Amino acid sequence: MHVSLLTNFGVTLLVSLILAVTSNAERVTFSEIHYAPKDDKPEYIELFNNSGSAVDFACWKFSDGIDYKFPDFSASSPQQTFMCAFERVLVTNVDEATFRANYTVPGDVKIFGPYAGSLSNAGEALELRDKNGVMVCRVRYNDRGTWPVAADGA
């Protein structure tokens with residue numbers, strides 16, 4: 001049986017390209033939405049990079065729910081807009097110092113904010129889009145059903 005090297009190369013290249021192109025929607029997810037914290041603590045959203053590679057989230061923005069745009073890339077602080085493999089970042093309605101004063105958060109956790117608006121205590125949709133306007137992730141939450149009671153101020 002004769003197999004062309006070009007055919008093998010083409011198949012390998014195609015498979016490599018398919019495997020290399022993973023959308024951000026499969027990589028970054030909402031992992032926690034703390035929409036009604038108790039004792040007047042700040043709200044927050046936790047995003048999780050569910051992949052083994054870094055994600056550039058410069059200029060991503062929320063298009064539903066809250067109003068927030070992540071900072072643009074900065075050469076002086078390049079890691080600020082990259083989410084490492086399996087990293088979690090927080091987005092909150094207060095500045096970083098206020099958030100850290102209210103919650104025990106490891107020093108290496110990236111905290112962004114404040115965002116404009118507030119998370120609805122009755123529930124709503126949250127949508128995150130990349131810098132090109134492509135939807136990265138979307139979730140609808142509410143205060144009924146199987147949602148954790150801690151997120152609703154309990």
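Summing charges over neighbours of E32, with a neighbour being any other residue whose Cβ is under 12 Å away from its Cβ, gives -1 when K and R count +1 and D and E count -1. Only lysine pairs 8 or more places apart or on separate chains count here, and in region 23-152 those with Cα atoms under 26 Å apart total 10.
Spherically averaged projected area of the convex hull of Cα atoms, region 77-138: 5.8 nm². Where Rh denotes the Kirkwood radius from the mean inverse Cα pair distance, what is Rg over Rh for region 42-154? For region 42-154, the value is 0.95.
Just so you know, all these numbers are worked out from the coordinates, no wet-lab data involved. Remember, it's a predicted structure, so these values are computed and weren't measured experimentally. Neighbour counts run over all protein chains shown; Cβ positions are idealised from the backbone, glycine included.
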